[in-house]
Amino acid sequence: MAAFVVRRLSSMALVLFTVSVLVFAVFNVIPNGDPAVRMAGQAPSDFEIQAIRQEWGFDEPVWVQYATMMRKLATGDVVSYFTQANVVDEIVRGAPHTFSLAIGAALIWFAVGVVLGLVSAVRAGRASDRLITVLAVIGVSVPGFWVGALANHYLGFRLGIFPNGGYVPLTENPLRWAYHLVLPWLTLALLLTGVYARVLRTHLLDTLSASHVQAARAKGITGRQVLLRHVLRNSLIPVVTLWGLDFGVVVGGGAILIEAVFDLEGVGQYAAQAIGDLDVPPVLAVTLFGAFFIVVVNALVDIAYAWLDPRVRPR
Amino acid sequence: MSPPLLRVEDLRVSFVSPHGRVQAVDGVSFEVASGEILAVVGESGSGKSVTALTLIGLTRVPGVRIEGVATLRELDLLGAREDELEQIRGRRIATVFQDALSALNPVYRVGDQIAEQIRAHEDVGRSTARGRAVELLGRVGIPRAKERARAFPHELSGGMRQRATIAMALSCEPELLVADEPTTALDVTIQAQILGLLAELRDEAGIAVVLITHDLGVVAEVADRVAVMYAGQIVEAGSLEEVFYDPQHPYTWGLLGCISRVDRPRTANLPAIPGRPPSLTAPPSGCRFAPRCPHSFPPCATPPPLAIRAGHPDRCWLEPTEKRLRRVVEGRIGLVAGATR
């Protein structure tokens, strides 16, 4: 276990370092990326620009700038170039929004995906299986931001069944929190529900033909018990793994468009704005936050996998 | 006289395949009495496993056609509903499969899998069932049974796993045990132990056993009676002595010839039956073994019925006197000579 933790931590450090260098480098070579020029406002004099350069340390060598940035990130002192707001504070403020969106959507796509996958495996080749396949393909093919925009416009703006975007904290009013999130959840879940149904269906059909399932039937347990305990339980192992990884991806930036469409003011939307402004500190911080989260989730997935499948447990 | 424990009469099972209907079992009949071990012998694809699985309703797949009679005491196995079969499986007819590693679910503890079967048939609590599982594991000769009950299948050795599946099969004191190649995946020494265990169970608990195998060595070890299957049909049936010492069907000779024996001069290669088993979508119109049989002659163009020609039934047109001469190859029973150097 100790070796596992050490291995994970060192790989996490490597991932975070690589990501930070890449992001920092990209914003240094990007055309019109000079923050001093952008910060100086309209028609600045060379003198003003020079002053900003000196004040913010943009005249230092790149690696010094990088080191300064990382130090400030580590101490939590890093601020946006344009709003001067503390970046870490902004992320902490936006994180509950992003997690609310991701957790709800992940639960929906997992639960609905499992039910649909189960139905389509049990009824493989029949009408209900084909219908689910078609729906899954549509769900995967339709862009989430488009569906989100349509849903927001018609169900929110026109009909007023749902709020027209926005976010209410869970602590403030749980009902209104859920009410505001229903459309974003469904929109985000739409993409992955079909994928999960299809993946689970494949694993179920594989497991159904396994010898231990025939042996389980020979024991005289009911067909339903065979299906749930012996077929579904075993088929869920790879699906749960996938779920953890997808959840990491969604929190780590995969839901930016959905956040923006529904104006949820989450971390993703914050990052999207910062990218538009070529505002390096928030982009870097959010990227590292995402990468960190994905690495952590990966480690959790490995632990969950060992818990679900005794064959991969270390003795 | 009370009916035999298991009676199978003219059983026919066919499946749909892309190449047409496959007649996997084609008119099989046999009986098994309590406390008796019947060995069903044949190559892969001869229909022996399908016969066994049909008895417990596990061949009821879309497109299957099952005809004939199969009864356990008075109970009609082929006509039973699925929920009735669930009551029979594991409780009255228990099954042991070839590969215990793949017959056990990898994600549950061995003891829990045994307990699951007990709880499927008896109204007992989880801890009682677990206690019984430990007891059963001890009974089939697993040392430190309590600890082993908490092991996952992959943590046990092959022999121990097969013992565990036998323990599971015994858990509800079945009347009939169907063992489908129970020793094929095991070392020879472990094989002997498992066979010994089966014979012991028969002696102590009076359990009847249908032992499915392709290995005549295994048959010689424990069987009371033998049925030899070829291409979906029984080609010869009799007591162990009859089939081993007075085999009537050339296919049986071939199987017997394949056993390597240390008390006979060595041949360079083990003699093998030439050719392959026939396709079951379009079996030969006459004797099904004729295309592979060096002794075939014109009458073989008509299918021989299973009839008693020399003490026990077989499906071969040759005269018994002729058979006695032809079945001796290189001083022992065989179909073809082993290749010489």
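Values in this text are rule-based calculations from the coordinates and carry no lab data. As the structure is a prediction and not an experimental result, all values here were calculated from the model. No Cβ is skipped: glycine too gets one built from the backbone with ideal geometry, and neighbour counts run over all protein chains shown.
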* To do: Output the antiparallel fraction of DSSP beta bridges having both residues in chain B, as a percent to the nearest 5.
  => 60
* Asked: How high is the FRET efficiency between A:V137 and A:L107 when r is their beta carbon distance and R₀ equals 35 Å, given to the nearest 0.05?
  -> 0.95
* Asked: Once you charge only the Cβ atoms, +1 for Lys and Arg and -1 for Asp and Glu, what is the size of the charge dipole of segment A:12-75 about its Cα centre, to the nearest 20 debye?
  -> 300
* Structure fact -> So for segment B:250-333, using the alpha carbon gyration tensor with a ≥ b ≥ c as root eigenvalues (a/c under 1.5 gives rounded; past that, a/b versus b/c decides prolate or oblate), I'd call it oblate
* For B:L101 and B:E319 in one chain, what is 0.36 nm times their gap in residues minus the Cα-Cα distance, to one decimal in nm? -> 73.8 nm
* Just from the alpha-carbon atoms, what are the Rg and Dmax of chain A in angstroms? -> 24.0, 87
* To do: Quick one: check the C-alpha center-to-center distance for segment A:65-81 versus segment A:90-145, whole angstrom.
  => 38
* To do: Write out the trypsin sites (Lys or Arg not before Pro) in segment B:76-105 meeting two conditions: DSSP loop, and at most 14 other Cβ atoms within 10 Å of their Cβ.
  => B:R81
* Using alpha-carbon positions, what is the distance between the centroids of segment B:1-58 and segment B:172-243, in Å? -> 15
* Structure fact -> Between the residues A:N298, A:V87, A:H180, the Cα farthest towards the positive end of the dipole of chain A, that dipole coming from +1 and -1 charges on the beta-carbon of Lys, Arg, Asp and Glu, is from A:N298
* What does the convex hull of the alpha-carbon atoms of segment A:12-75 project to on average, in nm²? -> 4.9
* Net charge near B:G286, counting Lys/Arg +1 and Asp/Glu -1 over other residues with Cβ under 13 Å of its Cβ? -> +3
* When the Karplus curve 6.51 cos²θ - 1.76 cosθ + 1.60 is applied with θ = phi - 60°, which whole-Hz ³J(HN,Hα) does each residue of segment B:134-142 get, with x for Gly and Pro? -> 4, 4, 5, 4, x, 5, 8, x, 9
* Could you work out, for segment A:192-255, what percent of all Cα-Cα pairs fall into each 10 Å distance bin, beginning at 0 Å and stopping at the bin that holds the largest distance? => 21, 42, 24, 11, 3
* Per-bin percent of Cα-Cα distances, the protein assembly as shown [10 Å] -> 3, 12, 17, 17, 14, 11, 9, 8, 5, 3, 1, 0, 0
* Around B:E122, with a cut-off of 15 angstrom between Cβ atoms, what is the net charge of the other residues, counting Lys and Arg +1 and Asp and Glu -1? -> +3
* **Magnitude of the charge dipole, the protein assembly as shown, Cβ model with Lys/Arg +1 and Asp/Glu -1, debye to 20** => 1440
* Kirkwood hydrodynamic radius over Cα pairs of segment A:107-161, then Stokes diffusion coefficient at 37 °C and 0.692 mPa s, in µm²/s -> 255
* Quick one: what Rg and Dmax do you get for segment A:101-254 from the alpha carbons, in Å? -> 18.3, 58
* Structure fact -> A:V88 neighbourhood, Cβ < 10 Å, K/R = +1, D/E = -1, net charge -1
* chain B - Rg and Dmax from Cα coordinates, angstrom -> 21.0, 67
* Asked: Given a Förster distance of 41 angstrom, what is the FRET efficiency for B:E135 paired with A:V15, based on the Cβ-Cβ distance and rounded to 0.05?
  -> 0.20
* To do: For segment B:13-81, count all C-alpha to C-alpha pairs, find those more than 15 Å apart, and express that count as a whole percent of the total.
  => 57
* Asked: What number in nm² do you get for segment A:54-123 if you take the convex hull of its Cα atoms and divide its surface by four?
  -> 7.7
* To do: May I ask which residue of B:V107, B:G257, A:G220 lies farthest towards the positive end of the charge dipole of the protein assembly as shown, with charges of +1 (Lys, Arg) and -1 (Asp, Glu) on Cβ and the Cα centre as origin?
  => B:G257
* Asked: Which value in deg cm²/dmol, rounded to the nearest 500, describes the helix-derived mean residue ellipticity at 222 nm for the protein assembly as shown, given -39,500 (n - 2.57) per DSSP H run of n ≥ 4 and division by the residue count?
  -> -16000 deg cm²/dmol
* Structure fact -> Full extension between B:S127 and B:A307 adds, at 0.36 nm per residue less the Cα distance, a length in nm of 59.4 nm
* Asked: Tilt of helix A:46-56 relative to the longest C-alpha principal axis of chain A, in degrees (0 to 90, nearest 10)?
  -> 60
* To do: Grab the Cα-Cα distance for A:Y154 and A:A2, subtract it from 0.36 nm times how many residues apart they are, and report the gain in nm with one decimal.
  => 49.3 nm
* Give me the Debye-computed log₁₀ of I(q)/I(0) at q = 0.27 Å⁻¹ for segment B:99-173, equal point scatterers on Cα only, no solvent, two decimals. => -1.32
* Among B:I273, B:I259, B:I88, which one shows the biggest mean-square fluctuation in a GNM of chain B, springs joining Cα atoms closer than 10 Å? -> B:I259
* Can you work out ³J(HN,Hα) from phi for every residue in segment A:263-272, in order, using Karplus 6.51 cos²θ - 1.76 cosθ + 1.60 and θ = phi - 60°, giving whole Hz and x for Gly and Pro? -> 6, 8, 6, x, 5, x, 5, 4, 5, 4
* Calculated FRET efficiency for the pair A:A127/A:A25, C-beta based, R₀ 56 Å, to 0.05 -> 0.55
* **segment B:191-341, dipole about Cα centre (Lys/Arg Cβ +1, Asp/Glu Cβ -1), debye to the nearest 20** => 780
